[in-house]
Amino acid sequence: MKKYKCQICGYIYDDAKEEIKFADLPDDWKCPWCGAPKSMFEEIIEDNGDVFQKKEDEKETMEIEESDDLRQLSNSEIAYICSNLAKSCEKQYLEEEQNLFQQLSDYYEKYVDAKDGTLDDLLKLVNKDIEEFNEAMNIANKLDDRGAKRIITWANKSTNIVKVILTNYKEKGMDYIKNTKIWVCDICGFVYIGDESPQICPVCKVPSLKIMEVN
């Protein structure tokens, strides 16, 4: 019997324990923990007692190259980074540092250029983020930076679920979110569509009190 693992929250669908085999589930079936679609599950392969996840493509180790030619960050990127640093300081009860980072975020946010774009443009940016997360994980693995690997993993999973939501919205329009609610984890950014928030965040495991409804 085969097993399949959700790439967002880690939920495992075991054919041996379920009435319906995973392959026979309808295409619109969703993960019971995080709401991810069937396409976000990958088969788990057991080999000599060692369990590892089947990957479509093997990740190549990315060489770290030193370069003086660094890209200049945009105002929106600086605002986003400072905002995240402010949240991090809040969790560490560093009030002064939190206020300073928030002031910087507010300052740069005033100079963000508003640009018109389509849903396809947004999906392209999301896909680009996912590619960059994979590259960043290669570097973190090479440096064996556990903290960085955890943050990148959270960001990658949260961005992948955003991609799923945007894709569904593109196909179904307003009917996809009509008569339901949208929830966002205040810690990792995980997004959930449903009448009630999950009891715990499927990505970072914080309790539901940190999962906020978007009005």
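The values are calculated or read from the model by the stated rules, or taken from the named source; none is laboratory data. Fair warning: this is a prediction, and the values are worked out from it, not measured in the lab. Reconstructed Cβ throughout: ideal geometry from the backbone, glycine too, with neighbour counts over all protein chains shown.
Checking each residue in the stretch 171-196 for being closer than 25 Å to R150 by Cα, assigned to a loop (DSSP other than H, G, I, E, B) and modelled with pLDDT of 90 or more picks out only F190. Only a single item in (1) at pLDDT below 85; (2) exposed (fewer than 14 other Cβ atoms within 10 Å of the Cβ) is not met by D28, and it is number (1).
Looking at (1) at pLDDT 90 or above; (2) surrounded by 12 or more Cβ atoms within 10 Å (Cβ to Cβ), find the lone condition where Q199 falls short. That leaves (2) as the condition not met. G117 satisfies every condition listed in (1) at pLDDT below 90; (2) part of a helix (DSSP H, G or I); (3) more than 16 Å from Y80 (Cβ to Cβ) except (2). Within the stretch 180-187, is there a residue that is aromatic (F, W, Y), surrounded by 14 or more Cβ atoms within 10 Å (Cβ to Cβ), under 22 Å from L123 (Cα atoms) and within 14 Å of the chain's Cα centre (by Cα)? Within the stretch 180-187, one or more residues are aromatic (F, W, Y), surrounded by 14 or more Cβ atoms within 10 Å (Cβ to Cβ), under 22 Å from L123 (Cα atoms) and within 14 Å of the chain's Cα centre (by Cα). When N156 is tested against the conditions (1) exposed (fewer than 12 other Cβ atoms within 10 Å of the Cβ); (2) within 15 Å of Q7 (Cα to Cα), the lone failure is (1). Taken as a whole, the stretch 9-19 holds at least one residue that is surrounded by 18 or more Cβ atoms within 10 Å (Cβ to Cβ) and free of Cβ contacts under 8 Å to residues at least 60 places away in the same chain.
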